Amino acid sequence: MLLYLKLIKFDNLLILAFAQLCIKFGLFSPFGIAITLSNFGIILLVIATILIAAAGNIIIAIYEQENKGLLHGGITIKSAYRLFVIFNVIGVLIGFYLANLVNKPSFAALFILVSGAFYMYATSLKELLVVKNLVIAILGALCLIVVGIFDLLPAITVKNRASQTVIFSIVLDYSIFAFIIIVMREIIKDCLFMNRDHRLEIKTIPMVLGKERALKWIGIVALVPIIAILYYVYTYLFSNTLAVIFALFILVGPLIYFMIRCFTAESHQHIAILKRLLKLELIAAAISLLFYQFILI
């Protein structure tokens, strides 16, 4: 069982599910805005998203293996492919059900496109410099936007358009933030797996620039989310002391520490710490969604 959880990257899937639930119950429910999904509906959306993401992780693992043997030392390729198909089929079927539930049948195409994008990434896109990092980040951000697409957009009317747009824009802001963090994390991962990528003949940013230079560039890129958070706090939350404290110490602080460590990281262990810091940043960002009800109401 542990091998299969590792194969689908269960910890990352939990963060994804947690973020989606935070959007629903921290941002949508408290403000009484018009929605289309019940609690059961949002659970189905989370399940569908997790299944398709898990299938994506499986197909990526299959194509990234080096010895054409067992995945993670105990899972056969045949078993992995079987899970890949099962997860995708169930995820897409749930997507079709949800699309019809909100009277937007065309929305089902979103699940098919994401499933196809994961397969394209595993089979060909991962070999394209920079593109490989952007694709994963886009898919990660889309997993947040999909909550707004299914829960908010179908409920928009002329009367509630303004309020719905404000809430959806917050979801979009968080999705952009997640996109930036995931891009940085993917490049950090490339620094960790340079030897494997070299054997698989996959060209990555660290292989082109060198590990140290790539880390320094990521450190500079970290200024983007830092500045974005500070602007967000100054523009929207400055009157709320608790919100400012949370943003500065829980979001900005770790990013500043991350940026500094990018310029000093040397060993594999140091780089692994950078990767974990960005994962914690994503969790903290999701938790921050739960505080909007106390800030804006």
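For region 30-43, the criterion of a residue being assigned to a helix (DSSP H, G or I), out of contact with any Gly (no Cβ under 9 Å at 6 or more places or on another chain) and more than 13 Å from D151 (Cβ to Cβ) is satisfied by at least one position. Within region 104-118, is even one residue part of a loop (DSSP other than H, G, I, E, B), in contact (Cβ under 8 Å) with a residue 24 or more places away in the chain and over 22 Å from A178 (Cβ atoms)? Yes: one or more hits.
Kindly indicate whether F111 is in contact with a Gly (Cβ under 9 Å, 6 or more places away or on another chain) and either of a type in the set (S, T, Y) or over 30 Å from I220 (Cβ atoms) (or both). Spelling it out, F111 is indeed in contact with a Gly (Cβ under 9 Å, 6 or more places away or on another chain) and either of a type in the set (S, T, Y) or over 30 Å from I220 (Cβ atoms) (or both).
For region 171-178, the criterion of a residue being assigned to a helix (DSSP H, G or I), under 18 Å from F263 (Cβ atoms), modelled with pLDDT of 90 or more and in contact with a helix residue (DSSP H, G or I) (Cβ under 8 Å, 6 or more places away or on another chain) is satisfied by no position.
Selection of first residues in region 143-157 that are in contact (Cβ under 8 Å) with a residue 40 or more places away in the chain and of second residues that are surrounded by fewer than 17 Cβ atoms within 10 Å (Cβ to Cβ) and basic (K, R), restricted to Cβ pairs under 7 Å at least 6 apart or on distinct chains, gives the following pairs, ordered by first then second residue: P154/K104. Filtering region 210-226 to residues that are surrounded by fewer than 15 Cβ atoms within 10 Å (Cβ to Cβ), assigned to a helix (DSSP H, G or I) and more than 22 Å from the chain's Cα centre (by Cα) leaves E212, R213. When L93, L98 are checked against the criterion of being more than 20 Å from the chain's Cα centre (by Cα) and in contact (Cβ under 8 Å) with a residue 40 or more places away in the chain, a single residue qualifies: L98.
So which of K132, K189 ends up being under 17 Å from A61 (Cα atoms), under 17 Å from the mean Cα position of the chain (by Cα), at pLDDT below 90 and not in a loop (DSSP other than H, G, I, E, B)?
Details: K189 fails: at pLDDT below 90.
Within the list K132, K189, the selection yields K132.
Hey, any hits in region 227-235 for a residue that's surrounded by 15 or more Cβ atoms within 10 Å (Cβ to Cβ), modelled with pLDDT under 90 and not β-branched (V, I, T)? Yes, some residue in region 227-235 is surrounded by 15 or more Cβ atoms within 10 Å (Cβ to Cβ), modelled with pLDDT under 90 and not β-branched (V, I, T).
H198 fulfils the conditions (1) of a type outside the set (D, E); (2) more than 30 Å from T36 (Cβ to Cβ); (3) touching a residue at least 40 places away in the same chain (Cβ under 8 Å) except for a single criterion, (3). The set of residues from region 192-209 being in a helix (DSSP H, G or I) and touching a Cys at 6+ places or on another chain (Cβ under 9 Å) comprises I205, P206.
The values are calculated or read from the model by the stated rules, or taken from the named source; none is laboratory data. All figures in this text were calculated on a predicted structure; none of them were measured in a lab. For neighbour counting, all protein chains shown are included, and Cβ atoms are generated from backbone atoms with ideal geometry for every residue, glycine included.
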